[in-house]
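Undergrad: Quick one: structure below, then a few questions.
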Amino acid sequence: MRVLALLDGTTVDPETPLVRVDDLGLLRGDGVFETVLVVDGRPRELGPHLDRLARSAAMLELPEPDRSGWERCVDAVINNWTGDRQMALKLVLTRGAEYGDGTPTAFAMGLPIGEKVLRQREQGISAVTLERGIDPGLAERAPWLLLGSKSLSYAVNMAALRHAAKLGADEVIFTASDGTVLEGPTSTVILVRGRTLITPPANIGILPGTTQAALFRAAERSGWSIKVEPVRTSDLTDNDGVFLVSSVRAITRVNSLDGQQLGDFSALHAELTALYESEY
Ligand SMILES: Cc1ncc(COP(=O)(O)O)c(C=O)c1O
């Protein structure tokens, strides 16, 4: 089950070729994307996802996304979805064809959520720390690196996940050259200490997460403290819980890190998941 829609609200057979071979998104990864979780026909955090799409587009100096077009396109996918209760909705915007008229390529695609993600949501994951080769000041010094944008250039992130698989792990936590914790290849890191949730700040060159923001909102309302502050690699094993969060995986607990078993975070996982779900 897949549904593909365009910004004018029309749907297209997902088997139909749509993107030209000279599309710069294809040739250079020159574009941006979002992945939104849709549950029972309701997209979660659509506003923050569209805000982030616009922010990423601005970082790549792409034309400003047409927000009402994206909303139309999202509605078209949702209205034509006849699959499971939950869907992953991808929004893709590229610079368009290299030899075209400058029109960006834009589409939204509804996809089923894979078994592996559903299993990991329930059972948690094993992770390894891997170097990202950046220092926390680089994002501000070197805007051309597009750190903190959700660009289509995810080949490095995917390579890191394959490397983790060779090490026998499900996931990765990237670290900066000074040992600061960054993020996962497709997720935000959250630590728990007592009744405090902690996540690294986005200005160190990581993507500001919509799931983390939603969870922190709900947690704060329920009396938790929240902190957005630098996290050290040593903090990953000195805490009351480590989680990787993102739109499709939701809140996933980290069971082991670099081969070392962590605590049993299942009760905390249930509590944080309930908090997150209370947002909807
Ligand atoms: C690099 C990176 N960090 C964090 C996230 C989590 O973002 P969100 O919670 O908005 O899905 C993602 C999402 O895919 C990501 O790719």
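The values are calculated or read from the model by the stated rules, or taken from the named source; none is laboratory data. Bear in mind the structure is a predicted one, so any value in this text is a computation, not a measurement. As a convention, Cβ positions derive from the backbone with ideal geometry for all residues, glycine included, and neighbour counts pool all protein chains shown. Surface areas here come from the heavy atoms of the whole protein model, side chains and all, with no ligands, DNA or RNA. Shrake-Rupley method; radii C 1.70, N 1.55, O 1.52, S 1.80 Å.
Undergrad: Along the Cα→Cβ direction, 7 angstrom out, place labels at Asp75 and Asp51. What is the inter-label distance in nm?
TA: That separation, rounded to one decimal, is 2.2 nm.
Undergrad: Still on this model: Report, by chain and number, residues whose modeled amide H sits under 5 Å from the one on Asp258, excluding near sequence neighbours (fewer than 5 apart, same chain).
TA: Ala127, Val128, Thr129
Undergrad: On a full-extension model of 0.36 nm per residue, what is the gain between Asp22 and Ser177, subtracting their alpha-carbon distance, rounded to one decimal in nm? Working shown, then result.
TA: Working: separation 155, 0.36 × 155 = 55.80 nm, distance 3.63 nm.
Gain in length upon complete extension: 52.2 nm.
Undergrad: Another question, if that's okay. DSSP loop GluC sites (Glu not before Pro) in the stretch 43-93 with at most 15 other Cβ atoms within 10 Å of their Cβ, which ones?
TA: Details: sites: Glu45, Glu61, Glu71; in loops: Glu45, Glu61.
Passing both the DSSP loop test and the Cβ count: Glu61.
Undergrad: Gain in length, Trp144 to Glu131, computed as 0.36 nm per residue apart minus the alpha-carbon separation, to one decimal in nm? Before the final figure, lay out each step's value.
TA: Numbers: separation 13, 0.36 × 13 = 4.68 nm, distance 2.01 nm.
Contour length minus the Cα-Cα distance gives 2.7 nm.
Undergrad: Then there is this: So for the chain: antiparallel DSSP bridges make up what percent, rounded to the nearest 5?
TA: Numbers: 42 of 54 bridges.
Bridges in the chain are about 80 percent antiparallel.
Undergrad: Follow-up question, since we're still on this one. For the stretch 86-160 and the stretch 1-72, what is the centre-to-centre distance using only Cα atoms, to the nearest Å?
TA: 12 Å
Undergrad: Report the extension gain between Asp40 and Thr11 in nm, rounded to one decimal, defined as 0.36 nm multiplied by the number of residues separating them, less their alpha carbon distance. Mind dumping the intermediate values first?
TA: On the way: separation 29, 0.36 × 29 = 10.44 nm, distance 1.96 nm.
This chain segment gains 8.5 nm when fully extended.
Undergrad: If r is the Cβ-Cβ distance from Glu61 to Arg195 and R0 is 51 Å, what FRET efficiency results, to the nearest 0.05?
TA: Working: r = 43 Å, r/R0 = 0.84.
Computed FRET efficiency for Glu61 and Arg195: 0.75.
Undergrad: Quick one: dipole size for the stretch 1-120, taken about the Cα centre, charges +1 on Lys/Arg Cβ and -1 on Asp/Glu Cβ, in debye to the nearest 20.
TA: Working: 14 positive and 19 negative charges, 102 e Å.
The dipole of the stretch 1-120 has a size of about 500 debye.
Undergrad: If you line up the long axis of helix 155-166 against the longest principal axis of the chain, both from Cα atoms, how many degrees apart are they, to the nearest 10?
TA: Value to nearest ten degrees: 50.
Undergrad: Here's something else I'd like to know. Let me check something: with ligands and nucleic acids excluded, how do Met1, Met109, Met87, Met158 order by accessible area (1.4 Å probe), largest to smallest?
TA: The ordering from most to least exposed comes out as Met1, Met158, Met109, Met87.
Undergrad: In degrees between 0 and 90, to the nearest 10, how far off the longest principal axis of the chain does helix 266-277 point, with axes built from Cα atoms?
TA: Helix 266-277 sits at roughly 40 degrees to that axis.
Undergrad: Accessible area per residue for the stretch 150-274 in Å², computed with a 1.4 Å probe and the full protein assembly in place, what is it? Numbers along the way, then the final one.
TA: Working: 4980 Å² over 125 residues.
Per residue, the stretch 150-274 has 40 Å² of solvent-accessible surface.
Undergrad: Note down the magnitude of the dipole of the chain about its Cα centre, charges +1 on Lys and Arg C-beta and -1 on Asp and Glu C-beta and zero elsewhere, to the nearest 20 debye.
TA: Around 340 debye, computed over the chain.
Undergrad: Roughly how many nanometres apart are two label points built 7 Å out from the Cα toward the Cβ at Met158 and Ala270?
TA: 3.8 nm
Undergrad: For Cα pairs less than 8 Å apart in space and 6+ apart in sequence, what is the mean separation divided by the residue count of the chain, i.e. the relative contact order in percent?
TA: On the way: 559 pairs, mean separation 52.0, N = 280.
Reported relative contact order: 19 percent.
Undergrad: Straight-line reach from Lys150: which lysines have Cα under 19 Å away, leaving out those fewer than 8 places along the same chain?
TA: Straight-distance partners of Lys150: Lys90.
Undergrad: Where does the chain land at 222 nm, in deg cm²/dmol rounded to the nearest 500, when only DSSP H runs of n ≥ 4 count, each adding -39500 (n - 2.57), divided by all residues?
TA: On the way: 8 runs with 82 residues, N = 280.
Value at 222 nm, helices only, nearest 500: -8500 deg cm²/dmol.
Undergrad: If you don't mind, another one. Over the chain, with a Gaussian network built from C-alpha contacts below 10 Å, which listed residue (Val242, Val21, Val36) shows the highest mean-square fluctuation?
TA: Val21
Undergrad: With a 1.4 Å probe and all protein chains left in place, how much of the accessible area of the chain comes from carbon and sulfur atoms, in whole percent? Intermediate results must be reported in sequence, preceding the final value.
TA: Working: 6600 of 13020 Å².
That fraction is 51 percent.
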